[in-house]
């Protein structure tokens, strides 16, 4: 019989949720930005923005939303910061993995037109996860 697992305090366990969300956001953006360059070996290596690819829209966004629902379910009471971690990870990926020659001139517009709506949708996903977790505890 294996030894019992140590009991990790809830505050410490919840502290890892945010950084994990940031890493997942960064990984999703990076993967789907490089996917077309890695999948077509005959074409020259070309980095595209993830939101310009159909797999990001079909797989990446639902994956991010499901992870956010799960984080809302296990992340404790403070669900308002969780979407900031995910959006932050996506934006770090956006800043680090981009086509050469692009400037950051449209970054403020991107933050307003993409970041704010993304935060709202991810907050709704986290609230759904939090509500489902509370409902499951009652039944």
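Computed from the coordinates by the stated procedures, all read-outs in this text should not be read as laboratory data. The shown structure was predicted, so the numbers you read here are calculated from the model rather than taken from an experiment. Here Cβ is always computed from backbone atoms with ideal geometry, including for glycine, and neighbour counts include all displayed protein chains.
Translational diffusion of the stretch 10-138 was estimated from the Stokes-Einstein equation, with Rh taken as the Kirkwood radius over Cα pairs; at 25 °C and 0.890 mPa s the coefficient is 159 µm²/s. The order of 46, 138, going from fewest to most other C-beta atoms within 10 Å of their C-beta, is 138, 46.
Entry for the stretch 15-76 at q = 0.18, 0.19 Å⁻¹: log10 I(q)/I(0) = -0.66, -0.71, Debye formula applied to identical alpha-carbon scatterers, no solvent contribution.
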